[in-house]
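Below is one structure, written out as structure tokens, with a few remarks after it.
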Amino acid sequence: HQKKQVLEVIDKMLNAVFAKQWPAYEECCSADMTSFEPEGRGAFIEGLGFHKYYFTIPAEAADFINHTRSSTNVRFTGNGSVAIVTYVLLYQKLDSTAVPITIKTEETRILEKNEAGAW
């Protein structure tokens with residue numbers, strides 16, 4: 001049951017990213033989140049401000065047309081209050097000449113239950 005709840009949050013967050021729906025993304029993430037990611041060029045990123053910028057960039061037509069999460073693993077720690085989620089994310093899109101391409105990224109997310117018991 002917990003695994004299903006965690007994956008629902010992950011999928012909601014990913015769907016928000018691809019649909020550029022900032023309120024839904026913000027709902028899935030803690031205001032004090034931290035990250036290392038390719039867009040940050042190796043820098044330690046704190047908070048949501050860095051991420052919000054990407055939601056303001058106009059999307060090109062058919063930019064990211066599909067995404068698939070695969071090879072997913074969920075581990076619980078901290079008496080079940082922390083979930084460590086790893087997965088491969090496949091992006092299928094059209095390149096500048098309209099040829100389909102697939103981009104692969106490996107992602108790790110750590111979720112913590114809040115005081116109300118929600119992820």
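Values in this text are rule-based calculations from the coordinates and carry no lab data. Since the structure is predicted, the reported quantities are computational estimates derived from the model, not experimental observations. Neighbour counts run over all protein chains shown; Cβ positions are idealised from the backbone, glycine included.
Key figures for this structure:
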| item | result |
| --- | --- |
| Amide N of segment 11-40 lying under 11 Å from the label point, which is placed 7 angstrom from the Cα of I57 along Cα→Cβ | 39-40 |
| Cα coordinate range in the chain, projected on the principal axes (Å, largest first) | 51, 29, 26 |
| Cβ-based net charge around A83, under 10 Å, with every Lys or Arg adding one and every Asp or Glu removing one | +3 |
| Chain lengthening between K104 and A19 when straightened (0.36 nm per residue, less Cα-Cα) | 28.7 nm |
| HN-Hα J in Hz across segment 3-16 - Karplus 6.51, -1.76, 1.60, θ = phi - 60°, x for Gly and Pro | 4, 4, 4, 4, 5, 5, 5, 4, 5, 4, 5, 5, 4, 5 |
| Label-point separation in nm, H1 to E27, each point 7 Å along Cα→Cβ | 2.2 nm |
| Per-peptide average of other Cβ atoms within 10 Å, ordering 33-42, 65-74 highest first | 65-74, 33-42 |
